[in-house]
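For reference, the structure discussed in these notes is given below.
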Amino acid sequence: MLKGLDPRLNADLLHALMAMGHGDDLVLVDANFPADSVARQTRLGRSLSMENLSLPQALAAILTLYPLDDFVDDALARMEVVGDPAAVPDVQAEAQLVVDAAEGRHRPLVGLERHAFYARAANAYAIVRTGERRFYGNVALRKGVVAPEPTRPT
């Protein structure tokens with residue numbers, strides 16, 4: 001254990017979050033997503049696990065450390081419901097509330113068609129499989145930057 005870190009964040013995930021740079025994607029997926037096979041195409045080359053957490057729980061823990069990209073409109077994406085792209089399932093609505101609370105403002109989850117979401121996941125830095133069992137519990141997060149601390153006169 002370390003002080004100041006959410007205990008839901010494991011060592012493998014922390015390493016990946018630190019290794020990622022501005023513009024890299026982290027994709028959180030539900031238990032039905034083919035995380036292992038798609039993750040083989042990612043920069044990390046293997047899936048990470050937060051299987052004991054729902055998507056909103058995993059997202060809340062990650063956003064305690066993870067800066068979201070402010071330079072693009074699609075920093076946050078969600079997998080659209082097949083046949084009803086405007087639908088927002090409860091799991092995605094909950095994820096939206098987590099994002100907005102973490103950011104202190106509304107940052108919309110942009111809808112991506114299912115195959116476009118798979119393509120974004122395959123090009124991501126890493127994929128994190130959660131224990132989410134509700135359908136469409138899949139979101140992508142583009143990493144932003146952390147501003148430097150203000151310098152103090154010496």
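Quick notes on this structure:
- Test: residue in region 68-82 that is in contact with a strand residue (DSSP E or B) (Cβ under 8 Å, 6 or more places away or on another chain) and in a helix (DSSP H, G or I): no
- Under the condition of being over 17 Å from Arg120 (Cβ atoms) and free of Cβ contacts under 8 Å to residues at least 60 places away in the same chain, the residues counted in region 64-98 number 13.
- Of the residues making up region 140-151, not a single one is of a type outside the set (A, V, I, L, M), part of a helix (DSSP H, G or I) and farther than 25 Å from Leu14 by Cα.
- Residues located in region 22-60, provided they are of a type in the set (Asp, Glu) and assigned to a loop (DSSP other than H, G, I, E, B): Asp24, Asp30, Glu51
- Exactly one residue out of Leu14, Leu9 is surrounded by 13 or more Cβ atoms within 10 Å (Cβ to Cβ), touching a helix residue (DSSP H, G or I) at 6+ places or on another chain (Cβ under 8 Å) and at pLDDT 95 or above, and it is Leu9.
- Beta carbons closer than 8 Å, at least 6 apart along the sequence or on distinct chains, pair a first residue in region 133-154 that is on the phi > 0 side of the Ramachandran plot with a second that is modelled with pLDDT of 95 or more and outside any loop (DSSP other than H, G, I, E, B) for Tyr136/Arg78; Tyr136/Met79; Tyr136/Val81; Tyr136/Val91; Tyr136/Gln92.
- Qualifying positions in region 49-70 - surrounded by fewer than 19 Cβ atoms within 10 Å (Cβ to Cβ), under 17 Å from Leu109 (Cβ atoms) and among the hydrophobic types (A, V, I, L, M, F, W, C): Leu63, Leu68
- Taken over region 19-38, the criterion of being under 14 Å from the mean Cα position of the chain (by Cα) and of a type in the set (A, V, I, L, M) is satisfied by Met20, Leu26, Val27, Leu28, Val29, Ala35.
- Region 102-122: number of residues that are part of a helix (DSSP H, G or I) and either touching a strand residue (DSSP E or B) at 6+ places or on another chain (Cβ under 7 Å) or free of Cβ contacts under 8 Å to residues at least 40 places away in the same chain (or both): 8
- Taken as a whole, the structure places Tyr136 among residues that are buried (at least 16 other Cβ atoms within 10 Å of the Cβ), under 16 Å from Asp30 (Cα atoms) and hydroxyl-bearing (Ser, Thr, Tyr).
- Verdict on Leu44 being aliphatic (A, V, I, L, M), over 14 Å from Tyr125 (Cβ atoms) and either surrounded by fewer than 19 Cβ atoms within 10 Å (Cβ to Cβ) or out of contact with any Cys (no Cβ under 9 Å at 6 or more places or on another chain) (or both): no
- Residues of region 29-41 that are surrounded by 23 or more Cβ atoms within 10 Å (Cβ to Cβ) and farther than 11 Å from Asn138 by Cβ: Ala39 alone.
The values are calculated or read from the model by the stated rules, or taken from the named source; none is laboratory data. Quick caveat, the model's predicted, so the values are computed rather than measured. All Cβ positions, glycine included, derive from the backbone under ideal geometry; neighbour counts span all protein chains shown.
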